[in-house]
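To keep things clear, I will list the structure first and then write my remarks on it.
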Amino acid sequence: MSPPGRAGVASVTDDLRAFLATATGRDELLRIPPGTALFGTEVGLDSLTGTLLLREIQRRFGVDVAGEDLNLDSLATLGTLAAFVAQRAHP
Amino acid sequence: MPPGSTVPPCETAAPGTARISRNAVPSGDTIDVWWFDTRTVAVTPAGLAGLDRGERSRAEAFLFPADRHRYQVAHVLLRQVLASYAGTAPARLPLDREPCPRCGAAGKPVLRPRSGARPVPSFSLAHSGDTVVIAVAGHPVGVDVERDADRCVCSLAGALHPADTAWVTGLDGERERHRAIIACWVRAEAVLKCTGQGIGHGLGGFPVRPGQSPALSGNGCMVRRLAAPPGYRAAVALAGSGDVAEVCARKWP
């Protein structure tokens, strides 16, 4: 059996990858590892895509990332964002 | 000239050619705008040698070669364009970052004036997909470009100023709304890049929708739509009030 929350994080991670690939039209984003930095470097998402992503997370998982994580530490990588969302999700 | 009208390209030497000359820093409320298609530009070892350590390590950090290429092209071209105004070698440009006026974090890239040297221009760089745009002016300027929406972007409407959100959501037709959202987005982002305020503080603090009195919108900046390549939407903002006097569009190659 997976540790509690583990399956949730994996499935949120997949959801976020799929959303990013569709939003940007870049299929390679389906393969990015959890340690990937989403903003600034590595895949270089722009602010418009970032905003779309956060709005989609709010719609799909009921989590207001910008409102609940004032330092936005959760946005460091795909994995930290997925963990943050999985922990608080109430879809 | 009405906002958004197409401006004929100005006569200047293109960067990367043997005849890079001295471009004069635009005077008054005039803006030079340089467009590039990253698919048609090769990065040369000489161009890459002009990048500083920060730019090189940032380029190295990209996961995908296509992103690295776009970043390198944008920054090599930025240095070449700026060098043509500053009259210095691309590697020797006095680039620095200004603190964000809201939080003090390192933000807007600027050229530092040097005593006795020629006046340095203000500039702004934006890229989206394969398109790079560089705006150059005599005082603070901001530019943004985004791809036209090919899927629903209605969730972005809530990030805009409430008056712009109301305008956008009141428009008839989904396509019309999506276009208007992206149009407002590029205008707002151009304003933030002009004032140097980080986008992390939000872009809904001031209205930017087209057709408003300049005195009521733009957060102290003149905002104007830019004629962009097909499939893209762009805007430019210049510090001050009134209207941008002229946009000089330059294309390369």
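With charges only on Cβ, +1 for K and R and -1 for D and E, what is the dipole size of chain A about its Cα centre, in debye, rounded to 20? Mind showing how you got there, number by number?
Working: 8 positive and 11 negative charges, 47 e Å.
About 220 debye.
Could the peptides A:19-29, B:39-49 be put in order, highest first, of the mean number of other beta-carbon atoms found within 10 Å of their residues?
By packing density, highest mean first, the sequence is A:19-29, B:39-49.
Is there a simple number for the mean count of other chain Cβ atoms within 10 Å of the Cβ of residues in B:178-185, and what is it?
1
Quick one: putting +1 on the C-beta of Lys and Arg, -1 on the C-beta of Asp and Glu, what dipole do you get for the range B:30-251 around its Cα centre, in Debye to the nearest 20? Present the calculation step by step, with values, prior to reporting the outcome.
Values: 27 positive and 20 negative charges, 110 e Å.
Dipole about the Cα centre, nearest 20: 520 debye.
Taking a ≥ b ≥ c as the square roots of the Cα gyration tensor eigenvalues, with a/c under 1.5 meaning rounded and otherwise prolate when a/b beats b/c, else oblate, which class fits chain B?
Details: a/c = 1.61, a/b = 1.45, b/c = 1.12.
Prolate, since a/c reaches 1.5 and a/b exceeds b/c.
For B:Leu63, enumerate residues with amide H under 5 Å from its amide H, sequence gap 5+ or separate chain, H modeled in the peptide plane.
Result for B:Leu63 returns A:Glu42, A:Val43.
Mind checking which of A:Thr80, A:Phe61, A:Gly44 is farthest towards the positive end of the range A:6-88's charge dipole, using Cβ charges of +1 (Lys, Arg) and -1 (Asp, Glu) about the Cα centre?
Among A:Thr80, A:Phe61, A:Gly44, the one farthest towards the positive end of the dipole of the range A:6-88 is A:Phe61.
By how many nm would the segment from B:Glu174 to B:Arg114 grow when fully extended, if each residue of separation counts as 0.36 nm and the alpha-carbon distance is taken off?
Working: separation 60, 0.36 × 60 = 21.60 nm, distance 5.08 nm.
Result for the pair: 16.5 nm of gain on full extension.
Rounded to the nearest Å, what's the spacing between the alpha carbon centres of the range B:46-97 and the range B:197-244? Just the number, please.
27 Å
What distance in nm lies between label points placed 7 Å from Cα along the C-beta direction at A:Glu28 and A:Gln87?
About 3.2 nm separates the two model spin labels.
From the Cα gyration tensor of the range A:6-88, with a ≥ b ≥ c the square roots of its eigenvalues, which class applies: rounded if a/c is under 1.5, or else prolate if a/b is larger than b/c, or else oblate?
On the way: a/c = 1.37, a/b = 1.20, b/c = 1.14.
Rounded, because the longest to shortest axis ratio a/c is under 1.5.
Inside 10 Å of the C-beta atoms of A:35-46, what's the mean count of C-beta atoms belonging to other chains?
Counting other chains' Cβ atoms within 10 Å and averaging over A:35-46 gives 4.
Please state the charge dipole magnitude for the range B:163-253, taken about the Cα centre, from unit charges on C-beta atoms (+1 on K and R, -1 on D and E), reported in debye and rounded to the nearest 20.
On the way: 11 positive and 7 negative charges, 59 e Å.
Value, rounded to 20: 280 debye.
Of the options B:Pro90, B:Pro229, B:Thr38, report the single residue whose Cα projects farthest towards the positive end of the charge dipole of the range B:30-251 (beta-carbon charges: Lys, Arg +1; Asp, Glu -1).
B:Pro90
Values in this text are rule-based calculations from the coordinates and carry no lab data. Given the structure is predicted, the values throughout are model-derived calculations rather than measurements. Note that each Cβ is placed from the backbone with ideal geometry, even for glycine, and that neighbours are counted across all protein chains shown.
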